[in-house]
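A quick write-up on the structure given underneath.
The values are calculated or read from the model by the stated rules, or taken from the named source; none is laboratory data. Quick caveat, the model's predicted, so the values are computed rather than measured. Cβ atoms come from the backbone with ideal geometry, glycine included; neighbour counts cover every protein chain shown.
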């Protein structure tokens, strides 16, 4: 397993990644996918260099033509002189757990272009349409200087809308013939769209589907949809029609709303709620835990160890590590505004910590349904060395926080 450990020497791959060296970018992505010990510290080092790339999220149901559309978007963006990276989330192989690589096959024509970098990743059972490592890979591409990063989700259904928190511009691909299904799914994936793309527009029923989508948007506008008016664009990736208009719409959205949505998460209502919950917790204050970042389903906590946190062996007490992880777990699962009660938790310990060390606990929701949520917490040294792993399940009540 590759090690990106944070030693006193600066990250050896930081400068090569910032310079856009393809081999360094590829190796860094592999380390993220493998969960190398120093990855959190490496990604932290990238933070000052993020926010320039426009992140396009492309999602839709299986068979909607997403990969073919990405191939067409690549060609159009290259014609406009852009450098483009693609993160294609594929279903996991049931045998190996790896990506099936169907997306890479469809985009093969542009794969060797010097201004294109395509990476297929396995969903590994992660719900929400992405993989657990997608954000880290996007950050690497952003820091490496790519103008546009396209994230293609695995075939997504009504509730798989994790792309909403990652992409600056969300494109939802809709195949012809949705019909009454527009009503069935509009409360989910369609409503996160910044742009709606009717794919396979050369097929029958495409015109009807576009009309149904525009009617849906008209109803939404009557309820106050905001300043950006979601366009419906008919595209045929195989014939090239509508692709330039789709890129124009994506660029217009970026100009209207800005870039770096994933970097602004702490300013969301969910992030502010978590900060309030943490501030109201006397145990958090007593132990010295600080909440440094928060968004929907995500929390980052820090704790600098003192002698009071140590056990008889002069290392960090296991109960302190559990408290840190459990606090991150509780805050992340309660970030949505409804009370979530823990019903199960598992923790493992990998390495000790001592007085003066700063510990980081990063929690993120692995899955969330109407009644249950699963949260994973990684506790590390400030330099990224692993200390503990925690997984917990909560029951989601119908009560809201006061």
In the range 213-233, which residue that is touching a strand residue (DSSP E or B) at 6+ places or on another chain (Cβ under 9 Å) and either modelled with pLDDT of 80 or more or not assigned by TED's automatic domain parsing to the domain that holds residue 173 (or both) is surrounded by the most Cβ atoms within 10 Å (Cβ to Cβ)?
213
Just one of 360, 324, 301 is touching a residue at least 12 places away in the same chain (Cβ under 8 Å), surrounded by 21 or more Cβ atoms within 10 Å (Cβ to Cβ) and part of a helix (DSSP H, G or I); which is it?
324
Does residue 394 satisfy the condition of being at pLDDT 95 or above and either in contact with a strand residue (DSSP E or B) (Cβ under 9 Å, 6 or more places away or on another chain) or over 18 Å from residue 42 (Cα atoms) (or both)?
yes
Could you tell me which residue of the range 272-298 is farthest from the chain's Cα centre (by Cα), considering only residues that are assigned to a helix (DSSP H, G or I) and in contact (Cβ under 8 Å) with a residue 60 or more places away in the chain?
277
Residues to consider are 388, 367; find the one that is closer than 19 Å to residue 314 by Cβ and in a strand (DSSP E or B).
388
Selected residue (criterion: surrounded by the most Cβ atoms within 10 Å (Cβ to Cβ)) from residues of the range 238-250 that are touching a residue at least 12 places away in the same chain (Cβ under 8 Å) and within 26 Å of the chain's Cα centre (by Cα):
250
Which one of these does residue 294 not meet: (1) modelled with pLDDT of 85 or more; (2) surrounded by 20 or more Cβ atoms within 10 Å (Cβ to Cβ)?
(1)
Consider residue 255 against the criteria (1) surrounded by fewer than 19 Cβ atoms within 10 Å (Cβ to Cβ); (2) modelled with pLDDT of 95 or more: it satisfies all of them except one. Which criterion is unmet?
(2)
Quick one: in the range 304-321, of everything that is part of a helix (DSSP H, G or I) and either in the same structural domain as residue 162 (by TED's automatic domain parsing) or over 32 Å from the mean Cα position of the chain (by Cα) (or both), which residue is surrounded by the most Cβ atoms within 10 Å (Cβ to Cβ)?
309
Yes/no for residue 332 being surrounded by 14 or more Cβ atoms within 10 Å (Cβ to Cβ), part of a helix (DSSP H, G or I) and either in the same structural domain as residue 43 (by TED's automatic domain parsing) or under 20 Å from the mean Cα position of the chain (by Cα) (or both):
yes
